[in-house]
Amino acid sequence: MTIVQSVAERIVENVAQVIIGKRNEIRLTVLGLLCQGHILIEDVPGVGKTMMARALASSIGAEFNRIQFTPDMLPSDVTGVSVFNQRTREFEFRPGPIMSQIVLADEINRATPKTQAALLEAMEEGQLTVDGITYPMDEPFLVIATQNPIEYEGTFPLPEAQLDRFMLRIRLGYPSPQEEVAMLDSQQYAHPLHSLQQVVTVDELVSAQRALRDTYINQDVKNYIVNLVATSRQHPDVYLGASPRGALALYRLSQARAAYVGREYVIPDDAKALAEVTLAHRIIVGPNARIKDVTASSIVNSILSMVPVPGATVGARY
């Protein structure tokens, strides 16, 4: 068993003790963590978005901070601020909550665009610049943002530049009746999060993040990923298609998925399985298509049926 597979399975099994019945969504979150990519969880209140982030941080023993976004927040509430020290007669930087390893940006769309923009540099470049001084973020660094799709009063939709920095977007959905009963039983005396143990060290996680990049991708599969992204820009129902960052995200996640199942190479099915969560939030549906209730997810499914899949012999050439 490879280190990537070992680390991923331990985290998934541990988080599944808290988030019941959402194993596929947990896997996707762990794949994003392995790829050092940020995650957007969009769903209705109360389905476990915050618990997912806290369980993930507990599983790897990472430093965890939560930012509760509100309309009156300032960028300095996120990044930190330089304060004048009367004793030393010098300015001292007091880091904000973004200076952590796993950051939960709760209800991110409630903050103003100016405050949302405070996350951009940290999410893309792994560093933060305040008053002309640049501070590197600790490894691993992951932003898990949540937003509720049904609340429009007092919200500010995320701009394209912000959405594009999230490697994938997932939805948890409601549990089944049986899963909901299991959830009630698990919390009869105490929340399972309180007894959750660390199962992976930060060093192990960083090693797994580096190891998965050795997962081989055939040229045909690379072309397939690029064709999927390029087709999103030419689709008649699309106003703005996926960016090159989207192609790189699909490339990295495909590597992670292959390594997670124990393969040393990527196959087209890896890219197909991850296309919707990777590309849909990067696509802006055209106004005419929106009138017809066309969604970005349906467009991605349409693209998957349009783009030819590399031949079945591609795996034999590894």
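Here, each number is a calculation from the coordinates, and none is a lab measurement. Please read these numbers as outputs of a predicted model, since none were measured by experiment. With ideal geometry, Cβ positions are generated from the backbone for all residues, glycine too; neighbour counts draw on all protein chains shown.
Based on every Cα atom in region 215-313, Rg and the maximum pairwise Cα distance Dmax equal 13.6, 44 Å. A Cβ-based charge dipole, computed about the Cα centre of region 1-144 with Lys and Arg at +1 and Asp and Glu at -1, lands at about 340 debye.
Distance distribution P(r), region 53-93, all Cα-Cα pairs, bin width 10 angstrom from 0: 23, 28, 32, 16, 1 percent. In this simple spin-label approximation, Thr88 and Leu120 carry label points 7 Å from Cα along the Cα→Cβ vector, and these lie 3.1 nm apart.
Give me the percent relative contact order of region 215-313, please, defined on Cα pairs under 8 angstrom at least 6 residues apart.
Working: 132 pairs, mean separation 36.3, N = 99.
Normalised by residue count, the contact order of region 215-313 is 37 percent.
What FRET efficiency would be calculated for the residue pair Gln197, Ile284, taking the C-beta separation as r and a Förster radius of 41 Å, to the nearest 0.05?
Numbers: r = 43 Å, r/R0 = 1.04.
Approximately 0.45, to the nearest 0.05.
Length available on full extension from Arg66 to Arg171: 0.36 nm per residue minus the Cα-Cα distance, which gives 35.8 nm.
Considering only DSSP beta bridges where both residues belong to the chain, give the percentage that are antiparallel (nearest 5). Present the calculation step by step, with values, prior to reporting the outcome.
Values: 12 of 30 bridges.
Antiparallel bridges make up about 40 percent of those DSSP assigns within the chain.
Hull volume per residue, based on the alpha-carbon atoms of region 105-204 and their convex hull, is 178 Å³.
Using 0.36 nm per residue and subtracting the Cα-Cα separation, the extra length available between Met306 and Glu179 on full extension is 42.1 nm.
Filter the trypsin sites (Lys or Arg not before Pro) in region 73-125 to those in DSSP coil with at most 12 other Cβ atoms within 10 Å of their Cβ, and list the result.
Passing sites in region 73-125 are Arg87, Arg89.
Under the combined filter of DSSP loop state and at most 16 neighbouring Cβ atoms within 10 Å, region 36-101 retains these GluC sites (Glu not before Pro): Glu63.
Which values, in whole Å and largest first, are the semi-axes of the equivalent ellipsoid of region 183-258 obtained as the square root of 5 times each eigenvalue of the Cα gyration tensor?
Details: eigenvalues 279, 92, 19 Å².
Its equivalent ellipsoid spans semi-axes of 37, 21, 10 Å.
With the convex hull drawn around the C-alpha atoms of region 172-220, the volume per residue stands at 148 Å³. If the Kirkwood radius is taken over C-alpha pairs of the chain, then at 4 °C and 1.567 mPa s the Stokes-Einstein diffusion coefficient equals 62 µm²/s.
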